[in-house]
1. For the subset of segment 120-144 comprising residues that are closer than 22 Å to TRP157 by Cα and not hydrophobic (A, V, I, L, M, F, W, C), which member is surrounded by the fewest Cβ atoms within 10 Å (Cβ to Cβ)?
2. Identify, by number, the condition in (1) closer than 27 Å to ASN91 by Cβ; (2) of a type in the set (A, V, I, L, M); (3) out of contact with any strand residue (DSSP E or B) (no Cβ under 7 Å at 6 or more places or on another chain) that ILE184 doesn't meet.
3. Name the residues in segment 66-92 that are touching a helix residue (DSSP H, G or I) at 6+ places or on another chain (Cβ under 9 Å), at pLDDT below 90 and not in a helix (DSSP H, G or I), would you?
4. Would you mind stating whether VAL63 is open to solvent by less than 40 Å² (accessible area, probe 1.4 Å), within 16 Å of ALA187 (Cα to Cα), modelled with pLDDT of 95 or more and not basic (Lys, Arg)?
5. For residues that are under 21 Å from THR35 (Cα atoms) and charged (D, E, K, R), scanning just segment 153-174, find the one that is most open to solvent (accessible area, probe 1.4 Å).
6. Can you tell me how many residues within segment 151-192 are over 26 Å from LYS124 (Cα atoms), without any contact (Cβ under 8 Å) to a residue 60 or more places away in the chain and assigned to a helix (DSSP H, G or I)?
7. Of the numbered conditions (1) of a type outside the set (A, V, I, L, M); (2) closer than 19 Å to LEU18 by Cα; (3) in a helix (DSSP H, G or I), GLN140 satisfies every one except a single condition; which is it?
8. Within segment 30-39, how many residues are in contact (Cβ under 8 Å) with a residue 12 or more places away in the chain and either open to solvent by 50 Å² or more (accessible area, probe 1.4 Å) or basic (Lys, Arg) (or both)?
Amino acid sequence: MSYIVGLDVSTAVTGIALLDADDGSLLALSCANTTKCDDMWSTADLIQQKFDSLISVHGVECVDVYVEEDLQRFRKGFSSAHTLSTLSKINGIVTYMARNTFKACPHYIQSSAARKLCGVKIIKAVTTVEKKDPLWVKRQIFDHMTKNYSDLSTITWPLTKPSKTHPSGHMRNECYDMMDAYVIAIAAYKTRIQHV
């Protein structure tokens, strides 16, 4: 069986998606939450553990790896020179680990191109509240994908602990990183079938 691995690498949470390359079905969707890691190397170690887990569970042998292109410019309120530098380092390390683990040369996909292939249309923030919402775009992506890709109905999304305002808990931010990885993987699958 052939597989597609989609990766959304970040300094805090790295999303990982595994698809069947023949029909695009979702086989695994997870993340490595590295917010508590002390440094870049412990971050890399935790992500490697996730890769190893995929190998042990699915025995992936024939794999295409696709990685979301990292930020190349500043985004007001979201990035700094330090963040961009750290992200670039982590991205390089994780991409190299993926190459060694899955025995495949990774490909990069821009997030905007991946979203377009998945049919995601982003509504631009207009109000002050929308503009200040750091999850404005990610929520739109999440809503579109969960409505249009039935495989996602099988996913148990990570939730926060129950509270008075959210008795069942509410979605953790990791959900959006997992979704970004899935978008990359689906875009890779769509690109693959277009060229068959």
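The values are calculated or read from the model by the stated rules, or taken from the named source; none is laboratory data. Keep in mind it's a predicted model, so treat the numbers as computed, not measured. Reconstructed Cβ throughout: ideal geometry from the backbone, glycine too, with neighbour counts over all protein chains shown. Accessible surface areas use protein heavy atoms only, side chains included; no ligands, DNA or RNA. Shrake-Rupley method; radii C 1.70, N 1.55, O 1.52, S 1.80 Å.
1. PRO134
2. Every listed condition holds for ILE184 apart from (3).
3. GLU69, ASP70, LEU71, GLN72, ARG73, PHE74, GLY77, SER79
4. Here the answer is no, as VAL63 does not meet what is asked.
5. Going through the qualifying residues, I end up with LYS161.
6. 1
7. (2)
8. Just the residues of segment 30-39 that are in contact (Cβ under 8 Å) with a residue 12 or more places away in the chain, to begin with: 30-35.
When the remaining residues are screened for being either open to solvent by 50 Å² or more (accessible area, probe 1.4 Å) or basic (Lys, Arg) (or both), the result is 33, 35.
Adding up the residues that qualify gives 2.
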